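Below is one structure, written out as structure tokens, with a few remarks after it.
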Amino acid sequence: MTDSTASPAELPEDHLARWPWRRWRLAWRRWSLWTVLVALVVSMLVTMVWLAGRYEATQVQEKLERDTADAVGDIRAALNRNLQDLLALNAHSEDRGAWREHADELLQQRRELMRIEWRRTDMRMLAHAETPYRTLRWEDEASELHSGEVLTCTQARRVNGPSYSPSRFQLLGEGLGMETMQVCMPLTENGHVVGYVLGTYSLQGILLSQVGKSLPRTQEVSFTEPDGTRLALVGAAWRGSRMFTAQQLLDLPGNTLVLRMDSWHHAPSVFPNVMTALVTAMSVALMSVLVVLVRDNRRRLRAERDLGDALAFRKAMEDSLVTGMRARDLQGRITYVNPAFCNMVGFTAEELLGLNVAPYWPPELAEEYTLRRDNRLSGASPPPRQGHESVFMRKDGSRFPVLIFEAPLINAQGQHTGWMSAFIDISEQRRMEEVSRASLERLQATARLATVGEMASMLSHELTQPLAAMSSYATGSLNMLAHGPASDSAAQLQGQLGDLRTAMERISYQADRAGKVIKSVRDFVRRRDQSREVVAPAELVEAVLPLVNLQAHKLGVRLELELQTGLPAVLCDPTMVEQVLLNLARNGMQAMDLPQLQERVLTLRVRRAAEGEGQRWVEFSVTDGGAGISAEVAEQLFTPFFTTRAEGMGLGLSLCRTVVEQHGGHLDYRPHFPQGTEFMFTLPAHREPREN
């Protein structure tokens, strides 16, 4: 065997003879493939060019056919209208002058009509009218009609309808002429022909009036005989290299015309247009593809960078959040938890993902939480901004309160795929609320003790009088008992016993008075648990009235009490509200401790307040006649530890506002005219339960 890779010098002679042939065959096969490809492309381009040219010619021919058909329809409609107008000339007129007047009007409106004649049945002329737009050479009125026109009227009488005559060349002035056509209409009366009306048409006038107005510059329209003889022509001032022709028959009674429409166009320059458009389109497409690929690649890289940044940002945000986040699908399975939630409950994400029943639910509340979860999955979820409290259990078994906010989880396609929940551990909030409540109670107790300290001197003065009276009555009674009866008479003995009974009653009254004063102070100072009770407004006022009277007696203040009748009961903590009333009353009396005041009156008023949002209110007000409150003091009036008295603590009004707001009411003040200030606060009225 010979080596196929040997050089030409080493090959046998027959191989040397065949080696160029093999190379040529391989080259021919390779080039033939390219040739076939090029031939296919060229054939496709030629086919496209031929199809484009044929399509263009077809579109032009179809449009020309439509225009020709529309023109025939317009001419036929116009001729029918003219027939009706010609018949209308003889409908109600027997006077030749009136007939001629109407005929002149018709000829002015219908420029295609050249002449209108009214003839009798023997074809003698009764009246005629000619168009004012052209001067024609007509034969004498008494002359005989042409044989063609007689045949036309005979045909019209035979068919009892309009009949058109063949076209006839009508001479004009200066050796010119035009093709005309006549129409004959029989005039009948009671079924008998009584005359004829003849109209002479200008074929070119018909074309000008009905087709020429809308005829483009590249078209011409003409009337021809069936044999091709052209009778009238309109248009075609511009000629092109390619003509398209369309013909339509205008079949009239007694005559048949052919409407021919010619359109000239340039030779379709399809080849360069298609090649240019094809190359341009391919180039634009290629460049567009490259631009799209580059932009898509850049967009993809940018999206990847943005996605990486978003993931890193999300990871950093998840690690820094103190709010727990949890996502569940529509079947209730946990699909996502953030590190804050895992730290909150003590479980890892691997332990929670995919679970349907959460291990951080307390066992005693698992059934309730399961029912609530089913309600959430069914769509009964509160608005996202309205959360609800719950209790969770850590992995070590300890319980803690949480505040939960839930919202639907919507994907990018707008589909509901689950629920997203946010959890806030409110253990510290609850502890701070407890600390704040305890601090408030301690401040209230301190305020009460300070009030008692200020009242100690007043109590000593007030108790001195009843104790001195009790001592005097007791000494007199002992003296009466020590000396015995002064006389043996029953009347004197009865009088001494009456005096002794009166002394004992006075002692009892003064002792009861002193006990009430001491009890009021003891009840006010004694610390009691906060409890809401249904209390009548009058009872709240009576509870602080002895203490208010003590201070009023010391400062020389006259107390006026106004209680509106039929007041509803209020739901409140009596001790707290009594402290508010006492503080406001003491502040009012101290505001009137001025030398220049002649009359010092403190008014304590209780009345109904305006109802709002379906809630009834009871208003308590304390009005003094002092100097009032300045604008500088008003800005810090309710600020804690702000006071205008050297011995004051600055907690009274701040604590009063806190107590009133805890009861749902509102504490405020306003000037009292002609002088003084009125402090008022509201408490919600108690609603009686309705009977079913």
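The values are calculated or read from the model by the stated rules, or taken from the named source; none is laboratory data. Small disclaimer: the values here were computed from a predicted structure and weren't measured. For neighbour counting, all protein chains shown are included, and Cβ atoms are generated from backbone atoms with ideal geometry for every residue, glycine included.
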Checking LEU409 against (1) in contact with a Ser or Thr (Cβ under 6 Å, 6 or more places away or on another chain); (2) under 17 Å from ILE424 (Cβ atoms); (3) not charged (D, E, K, R), which single condition isn't satisfied? (2)
For segment 180-195, which positions are buried (at least 18 other Cβ atoms within 10 Å of the Cβ) and either under 25 Å from ASP251 (Cα atoms) or charged (D, E, K, R) (or both)? THR180, MET181, GLN182, VAL183, CYS184, MET185, PRO186, LEU187
Only residues that are surrounded by fewer than 17 Cβ atoms within 10 Å (Cβ to Cβ) and assigned to a strand (DSSP E or B): list them for segment 409-421, please. ILE410, HIS416, THR417
Neighbours by Cβ (under 7 Å, 6+ apart or cross-chain): first from segment 432-454, farther than 16 Å from ASP573 by Cβ; second at pLDDT below 70: LEU449/VAL525; ALA450/MET649; VAL452/VAL521; VAL452/VAL525
Can you give me the number of residues within segment 228-254 that are over 18 Å from ASP74 (Cβ atoms), surrounded by fewer than 18 Cβ atoms within 10 Å (Cβ to Cβ) and at pLDDT 75 or above? 7
Where a residue in segment 554-580 is under 13 Å from GLU539 (Cα atoms) and its partner, wherever it lies, is of a type in the set (Ser, Thr, Tyr) and surrounded by fewer than 16 Cβ atoms within 10 Å (Cβ to Cβ), with Cβ under 7 Å and at least six apart: ASP573/SER531
Lone qualifier among GLU406, GLU350 - being of a type in the set (D, E, K, R), crowded, with 17+ Cβ neighbours inside 10 Å and within 21 Å of ARG314 (Cα to Cα): GLU406
Just wondering, is there one or more residues in segment 373-382 that are at pLDDT below 80 and acidic (Asp, Glu)? yes
Unique residue being of a type outside the set (Gly, Ala, Ser), within 25 Å of ASN90 (Cα to Cα) and touching a residue at least 60 places away in the same chain (Cβ under 8 Å) when the list is VAL221, VAL211, VAL193: VAL193
Those residues of segment 96-127 which are closer than 25 Å to MET178 by Cα and in a helix (DSSP H, G or I) amount to ARG100, ALA103, ASP104, GLU105, LEU106, LEU107, GLN108, GLN109
Considering segment 588-632 alone, what residues qualify as being buried (at least 20 other Cβ atoms within 10 Å of the Cβ) and either part of a helix (DSSP H, G or I) or not assigned by TED's automatic domain parsing to the domain that holds VAL660 (or both)? GLY588, MET589, ALA591
Could you pull out the residue among GLN596, GLN551 that is without any contact (Cβ under 8 Å) to a residue 24 or more places away in the chain and not β-branched (Val, Ile, Thr)? GLN596
Please determine, by comparing only the residues of segment 184-208 that are closer than 18 Å to ALA77 by Cα and in contact with a helix residue (DSSP H, G or I) (Cβ under 7 Å, 6 or more places away or on another chain), which one is modelled with the lowest pLDDT. ILE206
Any residue in segment 324-346 that's closer than 15 Å to MET420 by Cα and free of Cβ contacts under 8 Å to residues at least 60 places away in the same chain: show its pairings with residues that are among the charged types (D, E, K, R) and outside any helix (DSSP H, G or I) at Cβ separation under 6 Å, as long as the two are six or more apart or on different chains. ILE334/ARG328; VAL337/ARG326
